[in-house]
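A.B. asks: So that we are looking at the same thing, I have put the structure below in structure tokens.
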Amino acid sequence: MAQTSSDLCFLTIRQAGELLRGLEISPVELTRAFLERIQQVDSRVHSYVTLLADSALAEARTAEGEILQGRYRGPLHGIPLAHKDLYDTAGVRTSGQSKVLENRVPSRDATVIARLREAGSVLLGKVAMYEFALGGPETSLFDQAVNPWDLECVSGGSSSGSGAAVAAGLCMGSLGSDTGGSIRWPASVCGTVGLKPTYGRSSRFGVLPLSWSLDHCGPLTRTVEDTAYMLQAIAGHDPNDPTSSRAPVPDYSAALREDVKGLTIGVPAHYCFDTAAGVDPEVVAAVKQALSELEDLGATVREVEVPCMEYAGIADVVIMISEAYAYHSRNLKSQLDNYGQPLHYWFTLGGLMSGNDVIQAHRVRSRVKREFADLLRQVDLVAMPTVGGPAPKTQGFDIFSFLEWPNFMGPFNITGMPAISVPCGFHSTGLPLGLQLTGRPFDEPTVLRAAYAYEQRAKWYERRPAL
Amino acid sequence: MASISDQEFDLLLARTGVNLPPVERARLKTIYENLKPALKTLHEVDVDDHEVAGDFSPDWGAD
């Protein structure tokens, strides 16, 4: 089968894996195709902050040798990936896209990076992010990634480079991190899949923290099946992370073989379809259409009341900025100029929170967890838009406007529930939209299964941005 | 919601130890004031018997 290098870059991980395993393409050929495309396209997308061309080709040669010798490691063997620049990579700068850490070179890999290496993946480089996972499109170091579907729009954040690189065909998958939606927002606005696993499911060891109790590590990919492969590689207990769970790791790909018949999906329509609160009517229509298709596939969809959606988001914000201030306070006092401006506002805002504010946020967190635990006895999944609108224009974008949006993502950081964003159509502006599905803690199989069933019916992932 | 006085805000800011130039201080004060209604909502939530409870795992200390 004749493939152009651009075609190779838009294969899914599963498709590429089949070709690699069957010796129809080599990891070196695949890696070269990505390096070529990055050379052609990334000057416009700005997704990479560090490109590792030489070491990527060396890793690809190693993978090629292993596969030729019959030592195929699994679906990520020889697959080119790139990760958010807050994952420690041994010998490779890990900056958090901040001047504060401009020259920081860790001596060892984050646990999840080590696991992806063990799975045989190829590290193409490190990708852009909002500074220290919060700042906004303006950072103190490097250019910011833009949206491949419209270069004048943001690619979401804080995993901005992950969403942009996956959507633009500049890597096959990318680890992002999510403290209030930072995997799911870029996934939604870039038209990719993004999974925030259950808190404790994937190790945070070796990952620059934003907020210890809210940070989650997870993948962005073009398809749900590819997300299952990446989750399989990174999931599992890590003694170096005190919050890492010992819950057994199931076979995530196997879950995709089941259909959605018998699943009940709850929809907090009172909150998530509230156009008066700023939810775009086209987002409402796209999500309703997606839910209708899940019904056609055999799921039961019903409206549910979730009063805590009204205030769970602000609890997430208060805890996040307070923990972030605690982590950064010493550097804020001694090297304020090395932080980008939006970021130091966020962090100093955290320092303005009173003890009473923070304790109230934690007590609200307990209430929200109980409310969702009660709800998940009645339904298997909860569905809503990932965000209330498509990607905004970069020009004039104020990251603090985030505080005025209906918040569909933060609630699942404070509960720790798994949450996925899967593409559910396009806005009339041509920008992608996302459906969010969340489920019971450690029930990623059901979340992935429903997302996969919908994705395979809708097939939005077949569209590519014109670059 | 009534805006916070400059004096009150400066006291809060001094506690953080972060020394902002006047223009940035004014911008942060605006951001803080815009957050206040959401904070009010947070404090209005009836948290009833909800505690800040630490989780204690049975396998704590095991490797």
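A.B. asks: Being assigned to a helix (DSSP H, G or I), charged (D, E, K, R) and surrounded by 24 or more Cβ atoms within 10 Å (Cβ to Cβ) is true for just one of A:Asp316, A:Asp337. Which residue is that?
C.D. replies: The match here is A:Asp316.
A.B. asks: Mind telling me which of the residues A:Val112, A:Val127 ends up being in contact with a helix residue (DSSP H, G or I) (Cβ under 6 Å, 6 or more places away or on another chain) and closer than 17 Å to A:Arg184 by Cβ?
C.D. replies: Numbers: A:Val112 fails: closer than 17 Å to A:Arg184 by Cβ.
That would be A:Val127, the only listed residue that is in contact with a helix residue (DSSP H, G or I) (Cβ under 6 Å, 6 or more places away or on another chain) and closer than 17 Å to A:Arg184 by Cβ.
A.B. asks: Continuing with the same structure: Take the stretch A:59-72 and flag every residue that is crowded, with 16+ Cβ neighbours inside 10 Å and assigned to a loop (DSSP other than H, G, I, E, B).
C.D. replies: A:Tyr72
A.B. asks: Next question, about the same structure. Tell me, which strands (runs of 3 or more DSSP E) wholly within the stretch A:104-191 include 2 or more residues that are surrounded by fewer than 24 Cβ atoms within 10 Å (Cβ to Cβ) and touching a Ser or Thr at 6+ places or on another chain (Cβ under 9 Å)? Explain how you work it out, then say what you get.
C.D. replies: Working: elements: A:122-127, A:150-154, A:173-178.
Qualifying strands (runs of 3 or more DSSP E): A:150-154.
A.B. asks: Just to verify a result, which residue in the stretch A:340-361, among those that are in a helix (DSSP H, G or I) and more than 10 Å from chain B (Cβ to nearest Cβ), is modelled with the highest pLDDT? Show your work before the answer.
C.D. replies: Looking only at the stretch A:340-361, we keep the residues that are in a helix (DSSP H, G or I), and these are A:341-352, A:355-361.
Okay, now just the ones that are also more than 10 Å from chain B (Cβ to nearest Cβ), so A:343, A:355.
Values: A:Leu343: 93, A:Gly355: 96.
Taking the candidates together, the pick is A:Gly355.
A.B. asks: Identify, from the list A:Val422, A:Val364, A:Val368, A:Val379, the residue that is part of a loop (DSSP other than H, G, I, E, B), open to solvent by less than 10 Å² (accessible area, probe 1.4 Å), closer than 30 Å to A:Ala235 by Cα and among the aliphatic types (A, V, I, L, M). First the steps, then the outcome.
C.D. replies: On the way: A:Val422 fails: part of a loop (DSSP other than H, G, I, E, B); A:Val364 fails: part of a loop (DSSP other than H, G, I, E, B); A:Val368 fails: part of a loop (DSSP other than H, G, I, E, B).
It is A:Val379.
A.B. asks: Of A:Val100, A:Val41, which residue is touching a helix residue (DSSP H, G or I) at 6+ places or on another chain (Cβ under 6 Å), touching a residue at least 60 places away in the same chain (Cβ under 8 Å) and either assigned to a helix (DSSP H, G or I) or open to solvent by less than 10 Å² (accessible area, probe 1.4 Å) (or both)?
C.D. replies: Numbers: A:Val41 fails: touching a helix residue (DSSP H, G or I) at 6+ places or on another chain (Cβ under 6 Å).
The conditions single out A:Val100.
A.B. asks: Any chance the stretch A:323-334 includes a residue that's in contact with a helix residue (DSSP H, G or I) (Cβ under 6 Å, 6 or more places away or on another chain), at pLDDT 95 or above and acidic (Asp, Glu)?
C.D. replies: No, there is no match, as no residue in the stretch A:323-334 is in contact with a helix residue (DSSP H, G or I) (Cβ under 6 Å, 6 or more places away or on another chain), at pLDDT 95 or above and acidic (Asp, Glu).
A.B. asks: Go through (1) modelled with pLDDT of 95 or more; (2) within 30 Å of A:Ser244 (Cβ to Cβ) one by one and return the number of the condition A:Gly388 breaks.
C.D. replies: Failed condition: (2).
A.B. asks: Restricting to the stretch B:21-56, and then to whatever is small (Gly, Ala, Ser) and more than 9 Å from every other protein chain (Cβ to nearest Cβ), can you tell me which residue is nearest to A:Tyr339 (Cα to Cα)?
C.D. replies: To start, the set of residues in the stretch B:21-56 that are small (Gly, Ala, Ser) comprises B:26, B:38, B:53-54.
Okay, now just the ones that are also more than 9 Å from every other protein chain (Cβ to nearest Cβ), so B:26, B:54.
Values: B:Ala26: 18, B:Gly54: 33 Å.
Here the answer is B:Ala26.
A.B. asks: I've got another one for you. Residue by residue through the stretch A:281-320, note down the ones that are away from chain B (no Cβ under 14 Å), of a type in the set (A, V, I, L, M, F, W, C) and more than 21 Å from A:Leu375 (Cα to Cα).
C.D. replies: Matches in the stretch A:281-320: A:Val283, A:Val284, A:Ala285, A:Ala286, A:Ala290, A:Leu297.
A.B. asks: From the residues in the stretch A:293-312 that are over 20 Å from A:Ser401 (Cα atoms) and out of contact with any strand residue (DSSP E or B) (no Cβ under 8 Å at 6 or more places or on another chain), which one is surrounded by the most Cβ atoms within 10 Å (Cβ to Cβ)? Quick ask: steps written out before the conclusion?
C.D. replies: Let us first name the residues in the stretch A:293-312 that are over 20 Å from A:Ser401 (Cα atoms), namely A:293-308.
When the remaining residues are screened for being out of contact with any strand residue (DSSP E or B) (no Cβ under 8 Å at 6 or more places or on another chain), the result is A:293, A:296-298, A:305, A:307-308.
Working: A:Glu293: 16, A:Asp296: 10, A:Leu297: 16, A:Gly298: 12, A:Glu305: 13, A:Pro307: 14, A:Cys308: 24.
Per the criteria, the residue is A:Cys308.
A.B. asks: Could you tell me which numbered condition A:Gly396 fails, if it satisfies all but one of (1) more than 14 Å from every other protein chain (Cβ to nearest Cβ); (2) surrounded by fewer than 22 Cβ atoms within 10 Å (Cβ to Cβ); (3) on the phi < 0 side of the Ramachandran plot?
C.D. replies: Of the numbered conditions (1) more than 14 Å from every other protein chain (Cβ to nearest Cβ); (2) surrounded by fewer than 22 Cβ atoms within 10 Å (Cβ to Cβ); (3) on the phi < 0 side of the Ramachandran plot, the odd one out for A:Gly396 is (3).
A.B. asks: Identify all residues within the stretch A:324-334 that are of a type outside the set (D, E, K, R) and either open to solvent by 90 Å² or more (accessible area, probe 1.4 Å) or farther than 15 Å from A:Gly350 by Cα (or both); write none if there are none.
C.D. replies: Going through the stretch A:324-334, the residues of a type outside the set (D, E, K, R) turn out to be A:324-329, A:331-332, A:334.
Matches in the stretch A:324-334: A:Tyr327, A:Ser334.
A.B. asks: Only one of (1) within 15 Å of A:Ser140 (Cβ to Cβ); (2) open to solvent by 30 Å² or more (accessible area, probe 1.4 Å) is not met by A:Ser354, so which one is it?
C.D. replies: The single condition A:Ser354 does not satisfy is (1).
The values are calculated or read from the model by the stated rules, or taken from the named source; none is laboratory data. Just so you know, these numbers come straight off a predicted model, no measurement behind them. For neighbour counting, all protein chains shown are included, and Cβ atoms are generated from backbone atoms with ideal geometry for every residue, glycine included. Accessible surface areas use protein heavy atoms only, side chains included; no ligands, DNA or RNA. Shrake-Rupley method; radii C 1.70, N 1.55, O 1.52, S 1.80 Å.
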